[in-house]
Amino acid sequence: QVQLVESGGGLVQAGGSLRLSCAASGLTIGTYTMGWFRQAPGKERGFVAGINWGATATDYADSVKGRGTISRDNAKNTVYLQMNSLRAEDTAVYYCAARRGMIIRTDERYDYWGQGTQVTVSS
């Protein structure tokens, strides 16, 4: 069965950095667009970043442009999100997702999801 497992979350001070990983099994990410979403308590899940299957296109939410970098290692079947200059408002559960087709920002159109990894930014 398809499984996406996020890791790398934790507690970090404002201004610090984290690198999140999403390891996939049951699917080959080289044939999928991969995305990162996040959800804070009491908030709806929102788009963070996306990367297409060949890493020829990326997309970032305005809130993370210049601070976040999405990348993928298809040989390792893993996608990453590097987050720098973290702010308190980045605190959320971060989810990895996969879909066939182009990068989109609507979570309803992604087919597979991980359980999430908690990122907490202290100030």
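Is it the case that segment 100-113 has a residue that's open to solvent by less than 50 Å² (accessible area, probe 1.4 Å) and part of a strand (DSSP E or B)?
Checking segment 100-113: not a single residue is open to solvent by less than 50 Å² (accessible area, probe 1.4 Å) and part of a strand (DSSP E or B).
Of the numbered conditions (1) over 26 Å from T120 (Cα atoms); (2) not in a loop (DSSP other than H, G, I, E, B), E89 fails exactly one; give the number of that condition.
(1)
If only one of L4, L18, L81 is under 10 Å from the mean Cα position of the chain (by Cα) and aliphatic (A, V, I, L, M), which one is it?
Going through L4, L18, L81 in turn, the sole match is L81.
So, W53, is that one among the aromatic types (F, W, Y) and in a loop (DSSP other than H, G, I, E, B) or not?
Taking the combined requirement at face value, the residue satisfies it.
Among R45, R19, R87, R38, which is the only one that is under 15 Å from V119 (Cβ atoms), open to solvent by 20 Å² or more (accessible area, probe 1.4 Å) and in contact with a helix residue (DSSP H, G or I) (Cβ under 6 Å, 6 or more places away or on another chain)?
From the options R45, R19, R87, R38, the qualifying one is R45.
The values are calculated or read from the model by the stated rules, or taken from the named source; none is laboratory data. All figures in this text were calculated on a predicted structure; none of them were measured in a lab. As a convention, Cβ positions derive from the backbone with ideal geometry for all residues, glycine included, and neighbour counts pool all protein chains shown. Only protein heavy atoms, including side chains, enter the accessible area calculation; ligands, DNA and RNA are left aside. Shrake-Rupley method; radii C 1.70, N 1.55, O 1.52, S 1.80 Å.
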